[in-house]
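Student: Okay, here's the structure, questions in a sec.
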Amino acid sequence: TGQRWGYGKEDGPSVWYKNYPVAEGSRQSPIDIVPNEASRDRSLDPIIINYDQCTSINISNNGHSVVVEFNDSDDRSVIKGGPLDNPYRLKQFHFHWGGKGCEGSEHTVSGTGFASELHLVHWNAVKYKTFGEASTAPDGLAVLGIFLETGDDHRWLHMITDVLYMVKYKGFNPKCLLPSRLHYWTYLGSLTTPPLHESVIWIVLKEPIEVSEKQLGMFRMLLFTGEEDDQRLRMENNFRPPQPLKGRIVRE
Ligand SMILES: COc1ccc([C@H]2OC(=S)NC2=O)c(OC)c1
Ligand SMILES: [Zn+2]
């Protein structure tokens with residue numbers, strides 16, 4: 001179908017259900033995470049992140065966000081452990097952000113949003129042959145969500161913000177975007193943009209990373225629109241608001 005969707009009044013999250021009825025499904029993301037309602041699951045192991053051999057292949061503006069894609073032809077960069085039964089291969093990462101200060105993340109914590117949220121998207125290459133196939137399976141994807149709060153410059157984020165105007169660049173290890181502690185909340189959810197497939201095992205890290213207003217401002221320099229479009233729409237507020245929990249349990 002490939003229907004046009006966006007984050008504006010006419011094509012934003014409140015009308016996605018018209019072309020994507022699963023928007024009103026039972027495991028939609030993001031959600032508001034209420035820490036003291038999370039249930040302690042002692043069977044949950046720590047997550048294990050292996051990004052050391054990862055190969056970034058490009059950075060692009062897909063009209064909804066800035067996306068860095070990785071070579072996912074083998075298990076060179078995977079996440080495993082935690083709530084996952086298999087290793088999941090890193091496919092891409094991208095960000096969601098606001099237009100100003102405190103809003104911009106997709107998940108919120110007790111109603112509080114962060115300035116931005118990084119999504120590292122992985123797929124289950126043990127059970128599925130392609131990302132596309134995995135993206136429609138209930139255990140097909142694992143997305144690592146990391147909150148960005150404003151403060152000092154992030155030591156490595158400049159490698160993204162400095163090249164946001166370029167297309168090709170290599171050699172970026174997203175491990176440097178991880179916070180020091182990997183404590184997480186986990187729940188079953190979905191893609192947060194159309195097609196909104198309910199195929200995501202969410203792992204949301206509790207500890208945010210710190211980036212500067214200037215670094216965040218670089219994201220807002222991007223545009224939703226192409227060079228040929230007559231109007232220039234700044235890319236900002238590309239986040240979906242929290243969706244109903246519908247009885248799901250958030251584990252930690
Ligand atoms: C091709 O890989 C992806 C990855 C993520 C999404 C969205 O779902 C989440 S999570 N963040 C998003 O922007 C996606 O939507 C089409 C496609
Ligand atoms: Zn995302």
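The values are calculated or read from the model by the stated rules, or taken from the named source; none is laboratory data. As the structure is a prediction and not an experimental result, all values here were calculated from the model. Heads up, the Cβs are rebuilt from the backbone with ideal geometry, glycines too, and the neighbour counts pull from every protein chain shown. Protein only, heavy atoms only, side chains kept; ligands, DNA and RNA dropped before computing areas. Shrake-Rupley method; radii C 1.70, N 1.55, O 1.52, S 1.80 Å.
Student: Which of (1) closer than 28 Å to Trp5 by Cα; (2) in contact with a helix residue (DSSP H, G or I) (Cβ under 7 Å, 6 or more places away or on another chain) is the odd one out, the single condition Phe114 does not satisfy?
Tutor: Exception for Phe114: condition (2).
Student: In segment 91-112, how many are at pLDDT 95 or above, of a type outside the set (A, V, I, L, M), touching a Phe, Trp or Tyr at 6+ places or on another chain (Cβ under 9 Å) and away from ligand 1 (no atom under 13 Å from the Cβ)?
Tutor: Going through segment 91-112 one residue at a time, the tally reaches 3.
Student: Limited to segment 83-101, what total is found for residues that are open to solvent by 10 Å² or more (accessible area, probe 1.4 Å) and either under 13 Å from Leu120 (Cα atoms) or small (Gly, Ala, Ser) (or both)?
Tutor: Of the residues in segment 83-101, 6 are open to solvent by 10 Å² or more (accessible area, probe 1.4 Å) and either under 13 Å from Leu120 (Cα atoms) or small (Gly, Ala, Ser) (or both).
Student: Same structure, new question: Exactly one of these conditions fails for Ser73: (1) in contact (Cβ under 8 Å) with a residue 12 or more places away in the chain; (2) open to solvent by 40 Å² or more (accessible area, probe 1.4 Å). Give me its number.
Tutor: (1)
Student: If you go through segment 206-223, how many residues are at pLDDT below 95, open to solvent by less than 60 Å² (accessible area, probe 1.4 Å) and part of a loop (DSSP other than H, G, I, E, B)?
Tutor: 2
Student: Here is a further query. Could you please find all residues in segment 35-54 being assigned to a loop (DSSP other than H, G, I, E, B) and crowded, with 17+ Cβ neighbours inside 10 Å?
Tutor: Those that are assigned to a loop (DSSP other than H, G, I, E, B) and crowded, with 17+ Cβ neighbours inside 10 Å: Tyr51, Cys54.
Student: While we're on this one: Touching a Ser or Thr at 6+ places or on another chain (Cβ under 9 Å), assigned to a loop (DSSP other than H, G, I, E, B) and exposed (fewer than 15 other Cβ atoms within 10 Å of the Cβ): is that true of Arg232 in this structure?
Tutor: So Arg232 fits the description; yes.
Student: Any idea how many residues of segment 105-140 are within 12 Å of ligand 2 (Cβ to nearest atom) and of a type outside the set (Asp, Glu)?
Tutor: Count: 7.
Student: Check Ser60 against each of (1) of a type outside the set (Lys, Arg); (2) open to solvent by less than 60 Å² (accessible area, probe 1.4 Å); (3) within 16 Å of ligand 1 (Cβ to nearest atom); (4) touching an Asp or Glu at 6+ places or on another chain (Cβ under 7 Å) and name the one condition it does not meet.
Tutor: (4)
Student: Moving on to the next point. Lys80 versus (1) crowded, with 19+ Cβ neighbours inside 10 Å; (2) away from ligand 1 (no atom under 16 Å from the Cβ); (3) not β-branched (Val, Ile, Thr): which is the lone unmet condition?
Tutor: If we test Lys80 against (1) crowded, with 19+ Cβ neighbours inside 10 Å; (2) away from ligand 1 (no atom under 16 Å from the Cβ); (3) not β-branched (Val, Ile, Thr), just (1) comes out false.
Student: Hey, among Glu213, Glu228, which residue is free of Cβ contacts under 8 Å to residues at least 40 places away in the same chain, more than 15 Å from ligand 2 (Cβ to nearest atom), of a type outside the set (Ser, Thr, Tyr) and farther than 22 Å from Ser56 by Cβ?
Tutor: Glu228
Student: Then there is this: Looking at Asp11, is it within 22 Å of the chain's Cα centre (by Cα), more than 13 Å from ligand 1 (Cβ to nearest atom) and in a loop (DSSP other than H, G, I, E, B)?
Tutor: For Asp11, the condition - within 22 Å of the chain's Cα centre (by Cα), more than 13 Å from ligand 1 (Cβ to nearest atom) and in a loop (DSSP other than H, G, I, E, B) - is met.
Student: Give me the pairs: first residue in segment 7-33 and of a type in the set (D, E, K, R), second residue assigned to a helix (DSSP H, G or I), beta-carbon distance under 7 Å, and six or more apart or on different chains, which are they?
Tutor: Glu24/Tyr17
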